[in-house]
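I have placed the structure first, in the form of structure tokens, so that the comments after it can refer back to it.
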Amino acid sequence: MIADLLQQVSHRPWLLPKGPWSYYQEWNRALFLHWKVPVSALRSLIPAGLEPDTFEGEAWVSLVAFTMERIRPAYLPAVSFLSDFHEINLRTYVTRNGKPGVYFLNIEAARSLSVVVARALSGLPYGKAHMKRMEQSGLDHYVSDNREKAFRFEAAYLTGEPVTEKSPLDLWLTERYCLYVKHRGRLRCYDIHHKPWDLKAVEVSRLNTGYAVGSIQLAERQPDLVHYSEGVQVLAWRAQQIL
């Protein structure tokens, strides 16, 4: 499985990193919600050394609600009580020296132990939220309540047909192969690899996005674009310090 994953690289914007991968994980049943935002709203939210990435002059933030499964270090098995949990991240799009990636404005997960371990190992801004996923009245539901930050998310949605022809914007928003993080005063980059996302159309019938980061307010704003995917298998390499 992993050997096959490593051989499928024609879609990547750059070569696979040198050296062995460090972590395996699966990002499953992913709901993507995307909003256009002013470039000026991002400048105070991303660290020095990164620049906002834009598509046709417009900046974006995305909320991705999914279920993390089977996360594990290389050569070790996954342990479900630590490896499997619901997660929501709020991310924006950045670039450094021509290398585009994502930068997380907020991450929350459903398992307290997983939050502690992920924050310690990666430096990513994980926090705890109460989350659940369910099917009800023919719709998929995802609910999250982050009481510490007063962030709340609720979505009811119905997935549709596969997206057979992805637009340039679809690709720009979803096909990202590194992430940046500032941890202990240092800017670091994690390279990742996965097959292209298989996207589906999705109809969101109920949505509550009670998120506010800096001047970006998502409450009462309908997303400009939505996607759904059954998920991808992901390999991640150790962080490289870049600044």
Task: Mean Cβ neighbour count within 10 Å, used as a protection proxy, ranking 97-105, 158-166, 51-59 highest first - done: 97-105, 51-59, 158-166
Task: For region 56-112, radius of gyration divided by Kirkwood radius, i.e. Rg to Rh on alpha-carbons - done: 1.10
- [ ] Calculate, for the chain, the solvent-accessible area per residue in square angstrom, rolling a 1.4 angstrom probe over the heavy atoms of the protein chains.
- [x] 49
Open item on the list: Quick check on the chain: helices-only [θ] at 222 nm, where DSSP H runs of length 4 and up contribute -39,500 (n - 2.57) each and the sum goes over total residues. Nearest 500, please.
Closed with: -3500 deg cm²/dmol
TODO: Give me the Debye-computed log₁₀ of I(q)/I(0) at q = 0.17 Å⁻¹ for region 99-207, equal point scatterers on Cα only, no solvent, two decimals.
DONE: -1.11
Task: Lys/Arg +1, Asp/Glu -1 at C-beta; region 99-161 dipole; positive extreme among 134, 104, 124 - done: 124
TODO: Please find, in a Gaussian network model of the chain (springs between Cα atoms separated by less than 10 Å), the residue of 130, 194, 11 whose mean-square fluctuation is greatest.
DONE: 11
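Counting Lys and Arg as +1 and Asp and Glu as -1, each charge on the Cβ, what is the dipole of the chain about the Cα centre in debye, to the nearest 20?
About 1140 debye.
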Task: Selection from 55, 167, 3 lying farthest towards where the dipole of the chain points positive, charges on Cβ - done: 3
Task: Additional length obtainable on full extension of the chain from residue 203 to residue 16, 0.36 nm per residue less Cα span - done: 63.8 nm
Open item on the list: Given bins 10 angstrom wide, list per bin the percent of all Cα-Cα distances in the chain, short to long.
Closed with: 7, 32, 40, 19, 1, 0
- [ ] Express the relative contact order of the chain as a whole percentage, based on alpha carbon pairs under 8 Å and six or more residues apart in sequence.
- [x] 23
TODO: For region 172-224, divide the Cα radius of gyration by the Kirkwood radius and give the resulting Rg/Rh value with two decimals.
DONE: 1.07
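Explain nothing, just the number: relative contact order of region 175-243, from Cα pairs under 8 Å at least 6 residues apart, as a whole percent.
About 43 percent, as a whole number.
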Task: Packing-based order for 147-154, 87-94, using average beta carbon neighbours within 10 Å, highest first - done: 87-94, 147-154
Open item on the list: Using a Debye calculation, one point per C-alpha and no hydration shell, please list log10 I(q)/I(0) for region 1-87 at q = 0.10, 0.15 Å⁻¹ in order.
Closed with: -0.43, -0.91
Task: Distance cut-off 17 Å, percentage of C-alpha pairs in region 85-130 lying past it - done: 37
TODO: Before anything else, pin down the relative contact order of region 108-243: Cα pairs under 8 Å, at least 6 apart, normalised by residue count, whole percent.
DONE: 22
Task: Set of aspartates and glutamates near residue 182 by C-alpha distance (under 15 Å), chain-local residues within fewer than 8 positions excluded - done: 51, 191
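The values are calculated or read from the model by the stated rules, or taken from the named source; none is laboratory data. Worth saying up front: this structure is predicted, and the values here are computed from it rather than measured. For neighbour counting, all protein chains shown are included, and Cβ atoms are generated from backbone atoms with ideal geometry for every residue, glycine included. When the accessible area is computed, the model is the full protein with side chains, heavy atoms only, and any ligands, DNA or RNA have been set aside. Shrake-Rupley method; radii C 1.70, N 1.55, O 1.52, S 1.80 Å.
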